[in-house]
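Peer 1: Structure in structure tokens, see below.
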Amino acid sequence: MKQVKIAPSILSADFSKMGEEVESLKANGADIVHCDVMDGVFVNNITFGIKMVEDLRKRTDLPLDCHLMIVHPEKYVERFAKAGADIITVHYEACQDNLKEVLELIQSTGVKCGAVINPDTPVEKIADVIPLCDMVLLMSVFPGFGGQKFIPEVMDKIRQVRAIVDSLDKEIDVEIDGGVTADNVAEIKAAGANVIVAGSAVFKAADRRAMIESLKA
Ligand code: DX5
Ligand code: ZN
């Protein structure tokens, strides 16, 4: 089993001091910074965009994992890449039949790419593009807000994606996003996820270091 990486979602950080929040993630043992970009159209919430990624790039050397919950992601991927994203993930639900082209566009910018599916989208919808991906992101809540409950039916999809990824001759990460806690993380990892997003669990913890350690252990 690959080393598990913890990717705290800055959706749950204090936006008025984002630079310090991201520095605290590095100081407390996080591996990746998960950046939830929301446009108020694809999801019912608005967060931040390219300028945030550009400014955070100057504050951290942790990989910036940009999860685009926006319509027409193809219009913005080049600017997110230029801003300093290390990986850009795009939703099947936003790209539909163009998913392959959008993933190739991300790759052409020199940045890693990933496909994301919502809890009610079957793995089959992205099966043909998984070999192109550096990461597959499975949503375990409906996107839009932090602090929701993990949807247990997604556990089977983790196993399905893990089986596909292991059958391929390529390093592809399996990332899970939504409702991860210290109580369910062991089962999630056993199912085959190796990149764990955690927003409220990390940012609301009294001791962020202890929480990141327990998610990783
Ligand atoms: C939801 C976001 C998640 C969210 C996770 O739309 O994609 O990254 O911040 O937050 P928690 O860990 O609190 O469920
Ligand atoms: Zn996310």
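Peer 1: Checking residue 162 against (1) within 16 Å of ligand 2 (Cβ to nearest atom); (2) within 27 Å of residue 131 (Cβ to Cβ): exactly one of these is not met. Which one?
Peer 2: The failed condition is (1).
Peer 1: Here is a further query. Do we find a residue being in a loop (DSSP other than H, G, I, E, B), more than 15 Å from ligand 2 (Cβ to nearest atom), open to solvent by 60 Å² or more (accessible area, probe 1.4 Å) and small (Gly, Ala, Ser) anywhere in segment 185-194?
Peer 2: The answer is no; no qualifying residue exists.
Peer 1: Would it be correct to say that residue 141 is among the aliphatic types (A, V, I, L, M), closer than 27 Å to residue 100 by Cβ and either within 14 Å of the chain's Cα centre (by Cα) or within 14 Å of ligand 1 (Cβ to nearest atom) (or both)?
Peer 2: Answer is yes for this residue.
Peer 1: Filter segment 144-177 down to the residues that are among the aliphatic types (A, V, I, L, M), within 16 Å of ligand 1 (Cβ to nearest atom) and outside any strand (DSSP E or B) and list them by number.
Peer 2: 151, 154, 155, 158
Peer 1: Identify all residues within segment 48-73 that are near ligand 1 (Cβ under 10 Å from one of its atoms) and either surrounded by fewer than 20 Cβ atoms within 10 Å (Cβ to Cβ) or acidic (Asp, Glu) (or both); write none if there are none.
Peer 2: 65
Peer 1: Open to solvent by 60 Å² or more (accessible area, probe 1.4 Å), touching a helix residue (DSSP H, G or I) at 6+ places or on another chain (Cβ under 7 Å) and charged (D, E, K, R), is that true of residue 5?
Peer 2: For residue 5, the condition - open to solvent by 60 Å² or more (accessible area, probe 1.4 Å), touching a helix residue (DSSP H, G or I) at 6+ places or on another chain (Cβ under 7 Å) and charged (D, E, K, R) - is not met.
Peer 1: Please go through segment 88-124 and give me each residue that is part of a helix (DSSP H, G or I) and within 17 Å of residue 155 (Cα to Cα), ordered by number.
Peer 2: Residues of segment 88-124 that are part of a helix (DSSP H, G or I), as a first pass: 92-108, 123-124.
Once the filter is applied, which keeps residues that are part of a helix (DSSP H, G or I) and within 17 Å of residue 155 (Cα to Cα), segment 88-124 yields 123, 124.
Peer 1: If you don't mind, another one. Which number in (1) buried (at least 19 other Cβ atoms within 10 Å of the Cβ); (2) within 16 Å of ligand 1 (Cβ to nearest atom) marks the one condition that residue 111 misses?
Peer 2: Single failed check for residue 111: (2).
Peer 1: Follow-up. Can you find, within segment 19-44, the residue that is farthest from residue 195 (Cα to Cα) among those that are out of contact with any strand residue (DSSP E or B) (no Cβ under 8 Å at 6 or more places or on another chain) and surrounded by 18 or more Cβ atoms within 10 Å (Cβ to Cβ)?
Peer 2: So, considering only residues that are out of contact with any strand residue (DSSP E or B) (no Cβ under 8 Å at 6 or more places or on another chain) and surrounded by 18 or more Cβ atoms within 10 Å (Cβ to Cβ), the one farthest from residue 195 (Cα to Cα) is 21.
Peer 1: Moving on. Cβ contacts < 7 Å: first residue at positive phi, restricted to segment 164-182; second residue open to solvent by less than 30 Å² (accessible area, probe 1.4 Å) and not in a loop (DSSP other than H, G, I, E, B), any location; separation 6+ or different chain. Result?
Peer 2: Matching pairs, first to second residue: 178/139.
Peer 1: Here are some residues: 180, 136, 197. Which one is within 15 Å of ligand 2 (Cβ to nearest atom), surrounded by 14 or more Cβ atoms within 10 Å (Cβ to Cβ) and part of a loop (DSSP other than H, G, I, E, B)?
Peer 2: Just a single option satisfies the conditions, and that option is 180.
Peer 1: Further question: Tell me which residues, restricted to segment 117-155, are among the hydrophobic types (A, V, I, L, M, F, W, C) and in contact (Cβ under 8 Å) with a residue 60 or more places away in the chain.
Peer 2: 135, 137, 145
Peer 1: Among (1) over 24 Å from residue 53 (Cα atoms); (2) open to solvent by less than 10 Å² (accessible area, probe 1.4 Å), where does residue 167 come up short?
Peer 2: In the conditions (1) over 24 Å from residue 53 (Cα atoms); (2) open to solvent by less than 10 Å² (accessible area, probe 1.4 Å), residue 167 misses (2) alone.
Peer 1: Just the residues that are of a type outside the set (A, V, I, L, M) and touching a Gly at 6+ places or on another chain (Cβ under 6 Å), please, taken from segment 169-208. Lay out the reasoning, then the answer.
Peer 2: First pass over segment 169-208, keeping only residues of a type outside the set (A, V, I, L, M): 169-171, 173, 175, 177-179, 181, 183-184, 187, 189, 192, 194, 199-200, 203-204, 207-208.
Within segment 169-208, 199, 200 qualify.
The values are calculated or read from the model by the stated rules, or taken from the named source; none is laboratory data. For clarity, every value in this text was computed on a predicted model and none was experimentally measured. Here Cβ is always computed from backbone atoms with ideal geometry, including for glycine, and neighbour counts include all displayed protein chains. For the accessible areas, the whole protein counts, side chains as well, though only heavy atoms, and no ligand, DNA or RNA atoms are used. Shrake-Rupley method; radii C 1.70, N 1.55, O 1.52, S 1.80 Å.
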